[in-house]
């Protein structure tokens, strides 16, 4: 009886150590995979320009053509009704604020880049998977 | 005695597993599977991915992603809806993925799964939970019927930009699936 108790305790201790090590490895892996990283060649972001003046269909055409001609810009849509232009771009190739400044000066349009606040980014539909991994990652981020 | 009992249990477990798997194989071989909407969109045929040189993508997913991309652009420039999607404008975050890329991927996964794709999963909240401010603190208010109708309008515009007419049978089927979500999304 004492012999089996000793074996049982050893099994428990070893299992506990192995489990602890596995949890540590998992945490490190999750952090490594989900930590913020710099953009690379495949990263593509979206930016928005709000125009502070009326935008005609002709203006929308000019804006669209101009944006497509900029290096690093991938896709463009200009909505004259909402006076908004959105475009996707490669952050490693171009800065969206620089593009916006050049657009306003070269096309002589009153516009500014719209950047949502931190508070606004916490709201709205992210359509983000909230898997167990993501929840653990979120917890780890509070630590690191 | 303990060894005999353990052996019996192990045999019973193996037998049970074999019976279950063989039964499931028999039933799946018996009846043909009806084509899904995802099959109509191109299914699992592998094609080159125009966005990622050197990689392949299922034709069905490529079709869905193209429509999702275009729709995202329409929504982002639509003041009646873009307030719900400001995360689109976040730059690089976790895993060097931008808000646009994250939303594109997850919307594409969601639509693919809804259309019957088997090779993708959607791990987000249900539509009811995702649009209920009490269950999802990101929702800064309940969506209205007008919001949902505008979403469908923007989806139609996005599909049109990819040459998918609003009267095309695949789009009509997709629209029915989207419309079926109205009672889950609209909670006002």
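Could you say which residue among B:177, B:157 is more than 18 Å from residue B:85 (Cβ to Cβ), touching a helix residue (DSSP H, G or I) at 6+ places or on another chain (Cβ under 9 Å), in a helix (DSSP H, G or I) and touching a residue at least 40 places away in the same chain (Cβ under 8 Å)?
Numbers: B:157 fails: more than 18 Å from residue B:85 (Cβ to Cβ).
After ruling out the rest, the residue left standing is B:177.
Taking the condition surrounded by 14 or more Cβ atoms within 10 Å (Cβ to Cβ) and part of a helix (DSSP H, G or I), does residue B:183 pass? Please lay out each step first, then the result.
Details: surrounded by 14 or more Cβ atoms within 10 Å (Cβ to Cβ): no; part of a helix (DSSP H, G or I): yes.
Spelling it out, it is not the case that residue B:183 is surrounded by 14 or more Cβ atoms within 10 Å (Cβ to Cβ) and part of a helix (DSSP H, G or I).
Residue B:172 versus (1) outside any loop (DSSP other than H, G, I, E, B); (2) surrounded by 14 or more Cβ atoms within 10 Å (Cβ to Cβ): which is the lone unmet condition?
Status for residue B:172: all satisfied but (2).
Quick check on this structure: which one of B:99, B:95 is under 24 Å from residue A:84 (Cβ atoms) and either at the interface with chain A (Cβ under 10 Å from one of its Cβ atoms) or at pLDDT 90 or above (or both)?
Working: B:95 fails: under 24 Å from residue A:84 (Cβ atoms).
It is B:99.
Do we have any residue at all in the range B:110-128 that's in a strand (DSSP E or B), without any contact (Cβ under 8 Å) to a residue 12 or more places away in the chain, farther than 26 Å from residue A:64 by Cβ and within 8 Å of chain A (Cβ to nearest Cβ)?
So the first thing to find is which residues in the range B:110-128 are in a strand (DSSP E or B), and the list is none.
Within the range B:110-128, not a single residue is in a strand (DSSP E or B), without any contact (Cβ under 8 Å) to a residue 12 or more places away in the chain, farther than 26 Å from residue A:64 by Cβ and within 8 Å of chain A (Cβ to nearest Cβ).
Among the residues in the range B:56-79, are any within 10 Å of chain A (Cβ to nearest Cβ), without any contact (Cβ under 8 Å) to a residue 12 or more places away in the chain and more than 16 Å from the chain's Cα centre (by Cα)?
yes
Across the range A:15-42, which residue is surrounded by the fewest Cβ atoms within 10 Å (Cβ to Cβ) among those that are in contact with a helix residue (DSSP H, G or I) (Cβ under 7 Å, 6 or more places away or on another chain) and within 14 Å of another protein chain (Cβ to nearest Cβ)?
Only one residue fits best here, namely A:31.
Output the residues belonging to the range A:63-94 that are touching a residue at least 40 places away in the same chain (Cβ under 8 Å) and facing another protein chain (nearest Cβ under 8 Å).
Result: A:86, A:88, A:91.
Would you mind finding the one in A:115, A:143 that is at pLDDT below 95, surrounded by 15 or more Cβ atoms within 10 Å (Cβ to Cβ) and farther than 20 Å from residue B:80 by Cβ? Spell out how you get there, then give the answer.
Numbers: A:143 fails: surrounded by 15 or more Cβ atoms within 10 Å (Cβ to Cβ).
None of the others qualify; the one that does is A:115.
If you take the residues of the range B:43-68 that are in a helix (DSSP H, G or I) and in contact with a helix residue (DSSP H, G or I) (Cβ under 6 Å, 6 or more places away or on another chain), which of them is surrounded by the fewest Cβ atoms within 10 Å (Cβ to Cβ)? Lay out the reasoning, then the answer.
Narrowing the range B:43-68 to residues in a helix (DSSP H, G or I): B:59-68.
Still in the list and also in contact with a helix residue (DSSP H, G or I) (Cβ under 6 Å, 6 or more places away or on another chain): B:60-61, B:64-65, B:67-68.
Numbers: B:60: 26, B:61: 26, B:64: 27, B:65: 22, B:67: 25, B:68: 25.
Among them, the one singled out is B:65.
The values are calculated or read from the model by the stated rules, or taken from the named source; none is laboratory data. Keep in mind it's a predicted model, so treat the numbers as computed, not measured. Please note: Cβ atoms are built from the backbone with ideal geometry, for glycine as well, and neighbour counts cover all protein chains shown.
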